[in-house]
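Reading through the structure tokens given below for one structure.
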Amino acid sequence: MGRLIHFEIHVDEMERAKRFYGEVFGWKFEDWSDYAGMPYFGAVTGDDNELGINGALIKRNGPSPEPGQAMNGYACTIGVEDYDQTEEKIVQHGGKVALPKHALPGMAWQGYYIDTEGNTFGIHQPDKNAK
């Protein structure tokens with residue numbers, strides 16, 4: 001079975017993207033640029049004993065996605081404990097709402113956002129009472 005083990009977020013401005021994901025989600029970054037031969041920062045998204053994966057920010061080598069354009073790739077969804085508080089932080093740090101908070105009945109709250117680099121991502125708060 002091919003399990004997802006790593007992700008990459010393509011960015012225009014590395015420091016802006018590190019600040020956004022660090023401030024909103026508490027991610028830590030490690031400079032792997034020498035190893036990769038290009039601007040590349042490993043993203044540590046949580047403790048090794050927690051469910052989830054780590055990834056990286058990589059310098060974008062083409063045009064940014066256009067607003068309103070259909071998805072062309074994967075959308076990463078990030079688990080959060082407090083949906084509303086996380087949405088507030090996203091907007092405070094330059095993100096935008098792409099698809100507002102909605103219930104996945106009996107499972108969770110879900111929504112999609114656009115980061116400071118024009119990438120779409122989701123947030124997900126488990127809640128058995130969501131409806």
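Every number here is computed from the coordinates shown, using simple stated rules; none is lab data. What you are looking at is a predicted structure, and each value in this text was computed from that prediction instead of being measured. Quick reminder, even Gly has a Cβ in these numbers, built from the backbone with ideal geometry, and neighbours come from all protein chains shown.
Assorted remarks:
- Look at the dipole of the chain built from charges on Cβ: of SER64, ALA36, ASN54, the Cα furthest out on the positive end belongs to SER64.
- Proxy reagent accessibility, fewest Cβ within 10 Å first, across TYR113, TYR74, TYR21: TYR74, TYR113, TYR21
- Of all DSSP bridge pairs formed entirely within segment 1-74, close to 60 percent run antiparallel.
- For the chain, averaging the sequence separation of C-alpha pairs within contact (under 8 Å, six or more residues apart) and dividing by the residue count gives a relative contact order of 23 percent.
- Positive dipole terminus of the chain, leading residue within MET14, ALA75, HIS102 (C-beta point charges): HIS102
- Residues of segment 4-22 with amide N under 14 Å of the 7 Å Cα→Cβ point at SER64: 10-18, 20
- Cα-centred dipole magnitude for the chain, charges only on beta-carbon of K, R (+1) and D, E (-1), debye, nearest 20: 400 debye
- Total lysine pairs in the chain at Cα distances under 15 Å, for residues eight or more apart or on different chains: 5.
- Taking every DSSP helix (H) stretch of at least 4 residues in the chain, weighting each as -39,500 (n - 2.57) and dividing the sum by the residue count yields a mean residue ellipticity at 222 nm of -5500 deg cm²/dmol.
- Residue ranges 39-47, 78-86 sort as 39-47, 78-86 when ordered by packing (mean number of other C-beta atoms within 10 Å per residue, highest first).
- Per residue, the convex hull spanned by the Cα atoms of segment 1-114 measures out at 151 cubic angstrom.
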